[in-house]
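Let me begin by presenting the structure, written as structure tokens, before commenting on it.
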Amino acid sequence: MSAVHPMLRAKRRREALRILAFMSPWLIGFSVFFAYPLVSTVYFSFMKYDGFAAPTWNGVRNWSYVFNDYPFFWPALRNTLWLVVVMVSLRVVFGLGIGLLITKIKTGAGLFRTAFYLPYLAPPVAATMAFAFLLNPGTGPVNHLLGKAGLPTPGWFNDPTWSKPALTLLALWGIGDLMVIFMAALLDVPKEQYEAAELDGAGPWARFRYVTLPNISPILMFAVVTGVIQTMQYYTQPLVAGKVASGVIGGSGQQFEPGYPEKSTLTLPQLVYNLGFQRFDTGSACVIALVLFALAMAFTALLMRRRSGFLTAED
Amino acid sequence: MSGSTKTAAAAVAAAAAITLLTSACTGSANNTAGDDPSKDVTITFWHGWSAPSEVKAIDANVKAFEKAHPNIHVKVQGNITDDKINQALRAGGPNAPDVVSSFTTDNVGKFCSSNAFADLDPFLKKAGIDPAATFPKPMLEYTQFEGKRCTLPLLGDAYGLYYNKDAFKAAGIASPPKTLSEFKADAVKLTKSKGDSYSQLGFMPNFHGYESTTTHLAAQWGAKYFDADGTSNVAKDPGFAAMFTWQQDMVKALGGFKKLEKYRSGFGDEWGAKNPFHTGQVAMAIDGEWRAGMAKEAGTKFEIGVAPFPVPDDQADTYGKGYLSGTIIGVANTSAKKNAAWELVKYMATDTDAVVAFSNAIHNVPSTLAALKSPDLDADPLFRTFVEIAQNPNSTTTPASVNGGTYQLTLQDFGYAYEAGKQSDLAAGLKGVDEQVDKDIAQAR
């Protein structure tokens, strides 16, 4: 084996250090804000830790408790998966639909754009409270109108069957973010491709299917993946809706179990708070956080695999 | 060192580093109290009150303390949430509080068992204070955990019956009910149906009906949540089954769960002017002593009456009792000025004049036996009713538990399922509550 010349070795070391220096902002950020919290979460999931006394080894008890004995885990998981499948799909379809509509409108597009985008800017707590008021089964204007029209009047946030559809309505109302992204993607589709398709006799559906969709597929994938991740972190809206509808706002010092009605608005992030901060069980809260992480990874991997990532048809 | 050994060493070092880092996050328990409270010192006091009148009252109390202890200066921080308190108790350090007051009595079990709050027994002994002779029994109960007293009560809350005197008069009811059968008859008399709803409901028995919770109602049966060995006692204590049976009976008598639930969904905010008792939507309600003041502020148009909440017919001799809870105060275990901090806790929680002044100012029930009997206490008859409930020897509270109020929420959750007809077997349901509570406590220990 031939020895490396000391000068060459020094040059390589300098090179490596330079690369490391350039990478250091990212490395520090990644280590502090991702790697360390992730490793800590795994560590604490096997520890007994109440946030006050030093953590002690707890084996797999936290995991066993969450999966076997914690009555909120499975309903919350089911709800989260429901929201991921139904709410994300509807948001993408609705966002794309609105985007298509607005790009086709000849006059007043700016007005519609503003009207559809504005709700997205509403603070989630205020928006949810407004929806809880509008959809109040006893006094809300929506049920009043439905009743007048002779239609059924659902219990919305007060009915376990309707609470998640009501949350989905709220999410569709705030579609502004997706609408803007889809509008940009749709306007970016080369016009000549549509013209060529038209010359080939393609109708509106064929043009959408064979020209629009392949061109916007990376954006579509981006919307689905970010939607899935956001829905995994869905916390504020179901919590506020459940609290307002239940009437148990909780006075000072009263603890509140989320999920009204009948655990139908429970989501996994709410359990992280419930276990970690209300029950002082950091270990079990970390188990839930890891389940969320694994689910987000699994969904993303599945989606990326099925659609070859963010590649367009051209790529 | 071979490559694999180096890797193993690095892994061990990383694990040790992580352990150190995580241990560092837990704060350090400092049980010693070596500071000299006669020296000039500044302590920090955190509390949760935020309304201007409450803040004014607590500031006046602290000023009176500083006047009596000129060498101890108090830095007061109000509107502190439980999350902030927990973080500070974990972290310690110079910016952490020395004295902490919290509304969450349910957390006392965790505060005591984890040593987040200092054990007050040595301080009480040194000061010659006998807790049993100073504080009402239920308040003593919710401020300690398994014999360890890490907090003291700082004013309390008592629950009783609010009733609409005008509605009573219109229905021909001369006086508030004392037993639950009288209560049911009055509630039915006061209920006026309107279409598929009500123009006035006698009482909202559903567990989501604001303060008509399982825990508040179960106190009328004097039900005990735990055995002597700390296991859940819900299925064994006949009080719980009796409470659920009574509630079910009330729901049926007043129109059924669905009709009541639909009516309830139109109620205004519990803490706002549109509380259904203020608006006359319900003629009777179970609530705490604060409701009288809130109803007056809301401009309620009828005359308000208060009385102890009725008791089961077979416990008529215990009429006058109710559910008690309240605010707690303690010394942070991370404090380096525990003796000075104790002086403030002692003053605020045990000084009769201080307790009476604070009670009169914010209309919470006094938390010492002497203050409850003080002639200086506000003579408002509505307030006095709650003072009487607080003194009643049969009044009860919910005991501290190692995982906070989880056992109460488990029972409440069963209550929601039972009243909605999702669970019909009461005995099996209560047994299920016991099993779940025991599992949760085993996990927390």
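No lab work stands behind these numbers, since they all come straight from the coordinates. Every value quoted in this text rests on a predicted model; they were computed, and no experiment measured them. Positions of Cβ are backbone-derived with ideal geometry, glycine not excepted, and every protein chain shown enters the neighbour counts.
Here A:V85 and B:D317 are evaluated by their C-beta separation; at R0 = 45 Å the FRET efficiency comes out at 0.15.
Given R0 = 51 Å, the distance between the Cβ atoms of A:T300 and B:T231 translates into a calculated FRET efficiency of 0.70. When a/c reaches 1.5 or more, the comparison of a/b and b/c decides; with that in mind, is the stretch A:30-92 rounded, prolate or oblate per its Cα gyration tensor? The shape class here is oblate. Each label was represented as a point 7 Å from its Cα along the Cα-to-Cβ direction; for A:T161 and A:T236 these points are 3.2 nm apart. Modelled this way, with points 7 Å down the Cα-to-C-beta line, the labels at A:Y120 and A:A10 are 5.6 nm from one another.
Compute the signed sum of charges (Lys and Arg +1, Asp and Glu -1) over the other residues within less than 15 Å, Cβ to Cβ, of B:K301. Around B:K301, the charge tally is +1. What the phi angles of the stretch A:236-241 give under the Karplus curve with 6.51, -1.76 and 1.60, with θ = phi - 60°, is a coupling list of 4, 4, x, 5, 5, 4 Hz, glycine and proline written as x.
One quarter of the surface of the convex hull around the alpha-carbon atoms of the stretch B:187-325 equals 9.3 nm², the direction-averaged projected area. Residues in the stretch B:86-99 carry Karplus couplings, in order, of 4, 4, 5, 5, 6, 7, x, x, x, 8, 6, x, 8, 10 Hz; the curve used is 6.51 cos²θ - 1.76 cosθ + 1.60 with θ = phi - 60°, and Gly or Pro positions show x. Cross-linked pairs B:K373/B:K431; A:K263/B:K321; B:K56/B:K338; A:K263/B:K75; B:K165/B:K321: Cα-Cα separations exceed 31 Å for B:K373/B:K431; A:K263/B:K321; A:K263/B:K75.
Its Cα gyration tensor gives the stretch A:6-63 an equivalent ellipsoid. The semi-axes, each the square root of 5 times an eigenvalue, are 40, 13, 9 Å from largest down. Amide H to amide H distances under 5 Å link A:K48 with A:T56, A:W57, A:N58, where only residues 5 or more positions off or on other chains count and H is placed in the peptide plane. Hydrodynamic analysis of the protein assembly as shown uses the Kirkwood radius over alpha carbon pairs. Inserted into Stokes-Einstein at 25 °C and 0.890 mPa s, it gives a translational diffusion coefficient of 83 µm²/s.
Where only DSSP H runs of four or more residues are counted, the protein assembly as shown gives -16000 deg cm²/dmol as its mean residue ellipticity at 222 nm, each run worth -39500 (n - 2.57). Once you sort the root eigenvalues of the Cα gyration tensor of the stretch A:72-306 as a ≥ b ≥ c, which label holds: rounded (a/c under 1.5), prolate (a/b larger than b/c) or oblate (the other case)? Oblate shape, in that a/c is at least 1.5 and b/c is the bigger or equal ratio. The DSSP beta bridges internal to chain B are antiparallel in roughly 70% of cases. From the P(r) of the stretch B:156-243, can you give the percent of Cα pairs sitting at distances over 21 Å? The answer is 44 percent, as a whole percent. Between A:F208 and B:T81, what FRET efficiency follows from the Cβ-Cβ distance if R0 is 30 Å, with the result rounded to 0.05? In this case the efficiency is close to 0.05. Once backbone amide H atoms are built at 1.01 Å from N, B:Y198 has no partners under 5 Å, excluding neighbours fewer than 5 places away on the same chain.
A cut-off of 5 Å between modelled amide H atoms, ignoring neighbours fewer than 5 places along the same chain, links B:H73 with B:V41, B:T42, B:I43. Neighbours of A:D159 by Cβ distance under 14 Å: Lys/Arg scored +1, Asp/Glu scored -1, total +4.
Computed 3J(HN,Hα) for the stretch B:417-426, one whole-Hz value per residue from the Karplus formula 6.51 cos²θ - 1.76 cosθ + 1.60 where θ = phi - 60°, is 5, 5, 5, 7, x, 6, 9, 9, 8, 4, glycine and proline marked x. Within the shell defined by Cβ-Cβ distances under 11 Å, the residues around B:V365 carry a net charge of -3, with Lys and Arg each +1 and Asp and Glu each -1. Counting beta carbons within 10 Å around each of B:T215, A:T300, B:T42, A:T265 and listing the fewest first gives the order B:T42, A:T300, B:T215, A:T265. What is chain B by shape, rounded, prolate or oblate, if you read a ≥ b ≥ c off the alpha carbon gyration tensor as root eigenvalues and call it rounded for a/c under 1.5, prolate for a/b larger than b/c, and oblate otherwise? Judged from the Cα gyration tensor, chain B comes out oblate (a/c at least 1.5, b/c at or above a/b). Spin-label model, A:D188/A:I28: points 7 Å from Cα along the beta carbon direction are separated by 3.2 nm.
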